[in-house]
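Bear in mind these aren't lab numbers, they're just calculated from the coordinates by the rules spelled out. Quantities reported herein were computed from a predicted structural model and do not represent experimental measurements. Please note: Cβ atoms are built from the backbone with ideal geometry, for glycine as well, and neighbour counts cover all protein chains shown.
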Amino acid sequence: MRINSAADDAGGLGIATNMTAQIRGLNQAISNANDGISMAQVAEGALNETDDALQRIRELAVQSANGSLSTTDRQNLQVEVSALISEIQRIATSTEYNGSTLMSTEGTSVTFFVGANQSQTISLTIKGARTTDLGISLVSIGTSASWASSAITLVDTALYSVSEIRATLGAVQNRLDMVTSVLATTAQNLTEARSNIMDANVAAETTNLTRSAIIQQAGVAVLAQANQQPSVVLSLLG
């Protein structure tokens, strides 16, 4: 390490300390963004099931609107419609992330901190997807063809509402994906910059070590040669 204490380089240590705080903040922001992505994915998966149920209700309503069906036929179709409506309600009230329900109220709003500083946030708002929110709690196709036609209109409106919620989730998820990528790159760059400040310059240190080794070897050679000189003199005298 080039800097082990403030005595080594007070200015450099201060800069490196600030960088450390930024890096740790960025890494936590990445974790926060990933939480947001996971939450959006959970809600999206639930809404996909809701969409499937609505599509089936619409299919049954179209079938019930056929004038050739009897009242008994329509009542039998209504049994499945009622079950699907109950399932949509169950999905909305039971879908949760980390203990918090996502679609069981008129709207859930969550703010994610996605930067090293407090002001860098992204908000996610998930509208309610209960049967009352979607306007299908009283859908009935078991009385007459006209009721079935009205049900088709209500279901189409509900499908549009679900599509809107899913579009919002997709947009936020894409934004969080981009933010995560940017944060990771920024954290890596700051880590490298901090290393340049705190750590020893390997190339320079290698050069210094090589230079010291050469000097040391030269000194040893000189000493060895000096030690040999008295022997040479004595041999000449002898």
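If the label point is 7 Å along Cα→Cβ of R90, which residues in region 132-168 have backbone nitrogen under 19 Å from it?
From region 132-168, the list is 132-134, 136-139.
Taking amide H positions as placed 1.01 Å from N in the peptide plane, with prolines and chain starts having none, which residues 5 or more places from K127, or on another chain, fall under 5 Å of its amide H?
HN-HN under 5 Å from K127: T108.
What are the ³J(HN,Hα) values, in whole Hz, obtained from phi via the Karplus relation 6.51 cos²θ - 1.76 cosθ + 1.60 with θ = phi - 60°, for each residue of region 48-65 in sequence order, with x given for Gly and Pro?
5, 5, 4, 4, 4, 5, 5, 4, 5, 4, 4, 4, 5, 5, 4, 5, 5, 6
HN-Hα J couplings of region 23-29 from phi, Karplus 6.51/-1.76/1.60, θ = phi - 60°, integer Hz, Gly and Pro as x?
4, 5, x, 5, 5, 5, 5
In what order do S119, S140, S94 fall by count of nearby beta-carbon atoms within 10 Å, going from fewest to most?
Placing the least packed residue first, the sequence is S119, S94, S140.
Please compute the modelled spin-label separation between T157 and E59, points set 7 Å along Cα→Cβ, answer in nm with one decimal.
Reported label-point gap for E59 and T157 is 2.5 nm.
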